[in-house]
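Visitor: Mind having a look at this structure? Questions to follow.
The values are calculated or read from the model by the stated rules, or taken from the named source; none is laboratory data. Worth saying up front: this structure is predicted, and the values here are computed from it rather than measured. When we count neighbours, we look across all protein chains shown, and the Cβ atoms used for this are built from the backbone with ideal geometry, even at glycine. Protein only, heavy atoms only, side chains kept; ligands, DNA and RNA dropped before computing areas. Shrake-Rupley method; radii C 1.70, N 1.55, O 1.52, S 1.80 Å.
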Amino acid sequence: MRDDILEKLRNKEEICWINPDKEEVLPRQKVNGYGFVHMKAAQTRLIRFMPYIAAKFPETADRKGIIESELVDIKEIKNWLNDRGAGIEGRVLLKKDSHLAIAGSVKARGGIHEVLKLAETLALNNELMNVTDNHICFDSEEFKELFSRYTVHVGSTGNLGISIGIMASTLGFKAVVHMSRDAKEWKKELLRSKGVEVREYSDDYGTAVRAGREEAEKDDNSYFVDDENSIDLFAGYSTAAMRLSVQLHNAGIPVDEEHPLFVYLPCGVGGAPGGITFGLKQMFGDNVHCFFVEPTAAPCMLLGMATDKHGDISVDEIGLDGVTVADGLAVKRPSAFVGELMKPLLSGIFTVADEELLVYLKEIYEREGIFLEPSACAGLKALEALNRAAESITYLNRHDLEKYKKNATHIVWATGGALVPEAERQKLLK
Ligand SMILES: *Cc1c(COP(=O)(O)O)cnc(C)c1O
């Protein structure tokens, strides 16, 4: 890694890092053995479970049990950022995974998919059903009795725990969520109210994950959702891309060489933004440009990718403590699995200071009437800095994107916020 980048990371300066290993990829091209079939299999599994989801979670009934979010224009934010000198042209949209049903965050996609896959696999192995049966059958005592013999463990800074915990306990599993120090009290309360066991740790996310993994290993009837390595989580996240391509099509928004798509994704351990990036590359190949955004206190994916050490390096080693107002991104060591997969795919990573996240939180609330949690505001930093940071300007020039600026579509991926209680919202807005 370049010394000047390292120095800026140490000093918690906001930076832009461009991935030197990005390659040209075609839609549906396999990457490290993963391809379109992985995304498609997750998508069809979620479709099989639609009747069950619609029955158990009435808030999904209007979409018939599909867990999906809106894609909305945020013109007021675009104007505000341009008043601050951002120089953004083209259309600016917000992907409201912050308002996904059941879990109120991007974690709904990956977490729920992994738990459903576990349930389906157990039901098939125990010959309770055929895969073609209407999955409303999961809403029965017989299935619940089977699942009650198993415990699902997961380590989390909050939102993954909510997603896994709610889905697992609804199906009848015992669920244990190992919460890092970052987890908000209200998230723990919410889970306890759903019958989920919450274990609290005074250390960071890595410790909570390790504790969950160790405990699950002790018991044959335990299953550990491994946020650092899970392909099932990743595949679940990737389904967002298939749905997004339909939403763009329905809105009459083209994505091709002359109409580039830019996507800005908040990044913690990497699973959610990595899965979405993988899916988007499967759909759009080189016509989509994906950027992650990490807090200046926890730029773990940037450090892992820039040093090529991935999971073998922690932000501790460059003197950062990982403490940030963006609790969903408070991760010190990245997923090696995701980092490797992102090498040919990711355009770059921006970092953002906590103070800026809170400014974004306030502005998007006041100008668009949308409440987002701090982590979910991170994408706005990349949008604001794209045309201003020397590194990203070089990227735009190198990919000959300047001339299509007016045709571009920018999507800021909002990742959480819908479940934040009113009192907590007021505190953050203040
Ligand atoms: C978890 C989370 C992310 C990032 O997802 P990772 O898989 O940890 O990279 C972003 N925003 C919010 C609100 C989250 O909860």
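Visitor: Taking the stretch 328-338 on its own, how many of its residues are surrounded by fewer than 24 Cβ atoms within 10 Å (Cβ to Cβ) and within 11 Å of the ligand (Cβ to nearest atom)?
Guide: 0
Visitor: Within the stretch 178-189, identify whether any single residue is outside any helix (DSSP H, G or I), of a type in the set (Phe, Trp, Tyr), farther than 21 Å from Ala42 by Cα and touching a residue at least 40 places away in the same chain (Cβ under 8 Å), and answer yes or no.
Guide: No, the stretch 178-189 contains no residue that is outside any helix (DSSP H, G or I), of a type in the set (Phe, Trp, Tyr), farther than 21 Å from Ala42 by Cα and touching a residue at least 40 places away in the same chain (Cβ under 8 Å).
Visitor: Hey, which of the strands (runs of 3 or more DSSP E) in the stretch 53-160, taking only ones fully inside, have at least 2 residues that are within 16 Å of the ligand (Cβ to nearest atom)?
Guide: Filter on the stretch 53-160 gives 91-96, 151-156.
Visitor: Would you be able to tell me the number of residues in the stretch 182-205 that are in contact with a strand residue (DSSP E or B) (Cβ under 8 Å, 6 or more places away or on another chain) and surrounded by 15 or more Cβ atoms within 10 Å (Cβ to Cβ)?
Guide: Qualifying residue count for the region: 10.
Visitor: Then there is this: Conditions first: (1) small (Gly, Ala, Ser); (2) away from the ligand (no atom under 15 Å from the Cβ); (3) in contact with an Asp or Glu (Cβ under 6 Å, 6 or more places away or on another chain). Gly417 passes all but one, so which condition is the exception?
Guide: Just one mismatch for Gly417, condition (2).
Visitor: In the stretch 347-394, what residues are of a type in the set (Asp, Glu) and surrounded by 17 or more Cβ atoms within 10 Å (Cβ to Cβ)?
Guide: Of everything in the stretch 347-394, those that are of a type in the set (Asp, Glu) and surrounded by 17 or more Cβ atoms within 10 Å (Cβ to Cβ) turn out to be Glu356, Glu363, Glu368, Glu373, Glu384.
Visitor: Sticking with this one: Pick from the stretch 125-140 the residues that are surrounded by 12 or more Cβ atoms within 10 Å (Cβ to Cβ) and acidic (Asp, Glu): which of them is farthest from the chain's Cα centre (by Cα)?
Guide: My answer is Asp133.
Visitor: In addition: Between a first residue in the stretch 304-327 that is under 14 Å from Gly268 (Cβ atoms) and open to solvent by 80 Å² or more (accessible area, probe 1.4 Å) and a second residue that is aliphatic (A, V, I, L, M) and more than 16 Å from the ligand (Cβ to nearest atom), which pairs have beta carbons less than 6 Å apart while being 6 or more apart in sequence or on different chains?
Guide: That search, which allows pairs on different chains as well, returns nothing.
Visitor: Of the conditions (1) within 16 Å of the ligand (Cβ to nearest atom); (2) surrounded by fewer than 23 Cβ atoms within 10 Å (Cβ to Cβ), Asn397 fails just one. Which one is it?
Guide: (1)
Visitor: Further, regarding this structure: Looking only at helices (runs of 4 or more DSSP H) that lie completely in the stretch 332-415, which have at least 2 residues being of a type in the set (S, T, N, Q)?
Guide: 390-398
Visitor: Give the stretch 281-300 a look and list any residue that's open to solvent by less than 10 Å² (accessible area, probe 1.4 Å), in contact with a strand residue (DSSP E or B) (Cβ under 8 Å, 6 or more places away or on another chain), under 30 Å from Pro254 (Cβ atoms) and in contact (Cβ under 8 Å) with a residue 40 or more places away in the chain, or say none.
Guide: Listed by number, the residues that qualify are Lys281, His289, Cys290, Phe291, Phe292, Val293.
Visitor: Considering only residues of the stretch 1-29 that are of a type in the set (A, V, I, L, M) and within 15 Å of Cys290 (Cβ to Cβ), which is least open to solvent (accessible area, probe 1.4 Å)?
Guide: If we take residues in the stretch 1-29 being of a type in the set (A, V, I, L, M) and within 15 Å of Cys290 (Cβ to Cβ), then Val25 is least open to solvent (accessible area, probe 1.4 Å).
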